[in-house]
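> Below you will find the structure I want to go over with you.
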Amino acid sequence: MTRPVLPADATSSLADATLLVRGGATRSQFEETSEALFLTSGFVYENAEAAEAAFQNDGSRYVYSRYRNPTVTMFEERLRLIEGAQACRATASGMAAVFAALLCRLKAGDRVVSSRALFGSCHYIVADILPRYGIECVLVDGRDLGAWEKALAPGAAIAFCESPSNPAMEIVDLAAVARLVHRAGGLLVVDNVFATPLLQKPLALGADVVVYSTTKHIDGQGRTLGGAVLCSEKYLKDHFAFFYRHTGPCLSPFNAWILLKGLETLELRVERQCRTALGLARFLESHPKVARVLYPSLPSHPQYALARRQMKAGGSLIAFDIDGGKEGAFRFLNALRLVDISNNLGDAKSLVTHPATTTHAKLPPEIRAQMGIGEGLVRLSVGLEAEEDLRADLETALKEI
Ligand SMILES: *Cc1c(COP(=O)(O)O)cnc(C)c1O
């Protein structure tokens, strides 16, 4: 049997940096240093009685990797400790996490209120898929607390938002929206991908469920797809566990093992990425060919005060408007030599994307405009390269506009 490396009572006093390396780890009888990879779909029983007992006592032992797996459990436990959540379940992608976190709770006749500024696929779940099942969805300007209040007034099962939003970097006042949705009898579900578990703690601000695409900063090196849902024991027991077990959005143990290793370096990477991103955001802001820069820890961000209140740093993503619309943006992207054009983010490699023609291309132009995604908007995911090299690359490419 595996046993925990840290005594359960030791974790509460440990800092994030320590938990990222040691939290949730268990060791087998071989006393391995690195977390073991249990690449197995099933588990065996000593006798028929043991199998019977395993199916009667949900969760007391491993029975099938669609439900739980020891490597996946280590990853879930490590992330749970960082987030300060009671429960965590890992999923095969960020979208599986968003979908399961919402659908496990919702039923026909329920109402969902969501901020409008969402990642493309999140928008499709909320605006297109949920209504097919008789779930009413209202989209609001996530920055406008009056709009949240009005939309939540008739009652709602769930409020959903991203903060900062992908890609327009809109910030939602999580504490205020949590209060409003609780008053409406519902729960707040937050997609915390842009902030990472280190820069923003939605649960501490009053949110009920946090979802991640671990594909992004938690992997951090662009290798795997994955996701996670963090919630209370009650949400897990009343809603999530049953849905997860039987609809099968589970994470592969191999990917969980990579993500465990990703967490070990998360703090180092995110700190460095934030530092470089702030430097590059300042540079872009001073450049005559950049019309506007959106970065949460620049004082020019329209919600700078709120961002400072609920985030520890600005994160690794910068959005900016380039003069010359789509043509200008394309020229800029095509002239970059170091930064790759890619719709992924949170990678060690700096990546740039033009949301209007890629991640958000299939949305009607008026919805894109409401989300703050203009034709000249560029999203830069800052990686781990030297700041001076990235700055030189941006500078050279901006000359091409
Ligand atoms: C990437 C992303 C997702 C989806 O994650 P996948 O792992 O690609 O499924 C959801 N929300 C946000 C904010 C994202 O950036």
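> Look at ALA117 and say whether it is of a type in the set (A, V, I, L, M) and closer than 25 Å to LEU294 by Cα. Spell out how you get there, then give the answer.
On the way: of a type in the set (A, V, I, L, M): yes; closer than 25 Å to LEU294 by Cα: yes.
Yes, satisfied.
> Looking at the structure I just gave you, is ALA101 closer than 25 Å to CYS250 by Cβ and touching a residue at least 60 places away in the same chain (Cβ under 8 Å)?
yes
> Follow-up. Six or more apart or on different chains, Cβ atoms under 9 Å: show the pairs whose first residue is in the stretch 37-48 and free of Cβ contacts under 8 Å to residues at least 12 places away in the same chain and part of a loop (DSSP other than H, G, I, E, B) and whose second is among the acidic types (Asp, Glu) and surrounded by fewer than 14 Cβ atoms within 10 Å (Cβ to Cβ).
TYR45/GLU52
Each row is one residue, and each column tells you yes or no for (1) assigned by TED's automatic domain parsing to the domain that holds LEU174; (2) touching a helix residue (DSSP H, G or I) at 6+ places or on another chain (Cβ under 6 Å).
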{"position": "THR214", "(1), (2)": "yes, yes"}
{"position": "HIS217", "(1), (2)": "yes, yes"}
{"position": "GLY222", "(1), (2)": "yes, no"}
{"position": "GLY227", "(1), (2)": "yes, yes"}
{"position": "LEU230", "(1), (2)": "yes, yes"}
{"position": "LEU236", "(1), (2)": "yes, no"}
{"position": "GLY248", "(1), (2)": "yes, no"}
{"position": "ASN255", "(1), (2)": "yes, no"}
{"position": "SER316", "(1), (2)": "no, yes"}
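> Select the helices (runs of 4 or more DSSP H) contained entirely in the stretch 90-172, then report the ones holding at least 1 residues which are more than 12 Å from the ligand (Cβ to nearest atom), assigned by TED's automatic domain parsing to the domain that holds HIS239 and within 21 Å of ARG368 (Cα to Cα).
Numbers: elements: 94-103, 120-124, 145-152.
Result: 145-152.
> With respect to the numbered conditions (1) in contact with a strand residue (DSSP E or B) (Cβ under 9 Å, 6 or more places away or on another chain); (2) touching a residue at least 60 places away in the same chain (Cβ under 8 Å), which one is the sole condition not fulfilled by ASP340?
Here ASP340 meets the rest and fails (2).
> Of the conditions (1) more than 24 Å from SER342 (Cβ to Cβ); (2) aliphatic (A, V, I, L, M); (3) in contact (Cβ under 8 Å) with a residue 24 or more places away in the chain; (4) surrounded by fewer than 20 Cβ atoms within 10 Å (Cβ to Cβ), ALA291 fails just one. Which one is it?
It is condition (1) that ALA291 fails.
> Could you tell me which of the residues GLY346, GLY372 is at pLDDT below 95 and on the phi > 0 side of the Ramachandran plot? Before you say what the answer is, go through the steps one by one.
Details: GLY346 fails: at pLDDT below 95.
Result: GLY372 is the single residue among GLY346, GLY372 that is at pLDDT below 95 and on the phi > 0 side of the Ramachandran plot.
> Filter the stretch 349-362 for residues that are more than 15 Å from the ligand (Cβ to nearest atom) and surrounded by 17 or more Cβ atoms within 10 Å (Cβ to Cβ); which is farthest from LEU198 (Cα to Cα)?
ALA356
> Quick one: in the stretch 212-248, which of the residues that are within 12 Å of the ligand (Cβ to nearest atom) and among the polar types (S, T, N, Q) is surrounded by the fewest Cβ atoms within 10 Å (Cβ to Cβ)?
The extreme case among them is THR224.
> Being closer than 20 Å to PHE43 by Cα, assigned to a helix (DSSP H, G or I) and of a type in the set (A, V, I, L, M) is the filter here, so list the residues in the stretch 238-267 that pass it.
If the condition is that a residue be closer than 20 Å to PHE43 by Cα, assigned to a helix (DSSP H, G or I) and of a type in the set (A, V, I, L, M), then ALA241, ALA256 are the ones that fit.
The values are calculated or read from the model by the stated rules, or taken from the named source; none is laboratory data. What you see is a predicted model; the values in this text were computed from it and never measured. Virtual Cβ from ideal backbone geometry, glycine too; neighbours counted across all protein chains shown.
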